[in-house]
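Notes to accompany the following structure.
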Amino acid sequence: WYYCSLSLFSFLAVKNDFDEAKLVRYEPWIHLGVLIVPFAMAIYGLCKHYYNPVGPWCWTSSFPLNCHKPGAPYECIHGEDIEPFIMTILAATFMFYAFSTTMMIAVYRVVKKRVKQTDMDGLVGKKLLIQHARMKKSR
């Protein structure tokens, strides 16, 4: 989630020309989101007893291990409804990666547009026509 917030902040910074006055409005919300989302997921998992020993560490699993699967020879002590929680964590992870990638593509497009605009600003007359022809040819 932290990487996701960094990519969002990068996009907002580039989009707003690194204007501190505009970025200050977004910064508290980004910090709040970085703290609230992981804590909410962790607290929910703790309340439902989803964090259990899995080998030498703890992770989201039923206890005893794999008791929630059909045909298990023993009953679950806790974590029998773990599957939706695990799927939510996986879906959130993939959505965060997709969002971060989208933000980086958006940053690239904004920068590319500004570079193109800057390149064309200083041109007049024949040089402007030549540059337009080059750009059409490079597409």
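Sum -39500 (n - 2.57) across every DSSP H segment of at least 4 residues in the chain, then divide by the residue count to get the 222 nm mean residue ellipticity, nearest 500.
Rounded to the nearest 500, it is -24000 deg cm²/dmol.
Leaving ligands, DNA and RNA out of it, report the carbon-plus-sulfur percent of the accessible area of the chain at a 1.4 Å probe.
So the carbon and sulfur contribution to the accessible surface is 68 percent.
With every protein chain left in place, what is the accessible area per residue of the chain in square angstrom, probe 1.4 Å?
76
Semi-axes of the chain's equivalent ellipsoid from the Cα gyration tensor, sqrt of 5 times each eigenvalue, largest first, rounded to whole Å?
Ellipsoid semi-axes (Å, largest first): 51, 19, 8.
On C-alpha positions alone, give me the angle between the axis of helix 83-121 and the longest principal axis of the chain, in degrees, nearest 10.
10
Per residue of the stretch 2-10, what does 6.51 cos²θ - 1.76 cosθ + 1.60 with θ = phi - 60° give for ³J(HN,Hα)? Whole Hz please, x for Gly and Pro, Karplus curve as stated.
Values, residue by residue: 5, 4, 4, 5, 5, 5, 5, 5, 4 Hz.
Points 7 angstrom from Cα along the Cβ direction at residue 37 and residue 110: gap in nanometres?
1.8
The values are calculated or read from the model by the stated rules, or taken from the named source; none is laboratory data. Only a predicted model underlies this, so the values are computations on that prediction, with no experimental measurement involved. Don't worry about glycine lacking a Cβ; one is built from the backbone with ideal geometry, like all the others, and counts go over all protein chains shown. The protein model used for the area step is the full one, side chains on, heavy atoms only, and it has no ligands, DNA or RNA in it. Shrake-Rupley method; radii C 1.70, N 1.55, O 1.52, S 1.80 Å.
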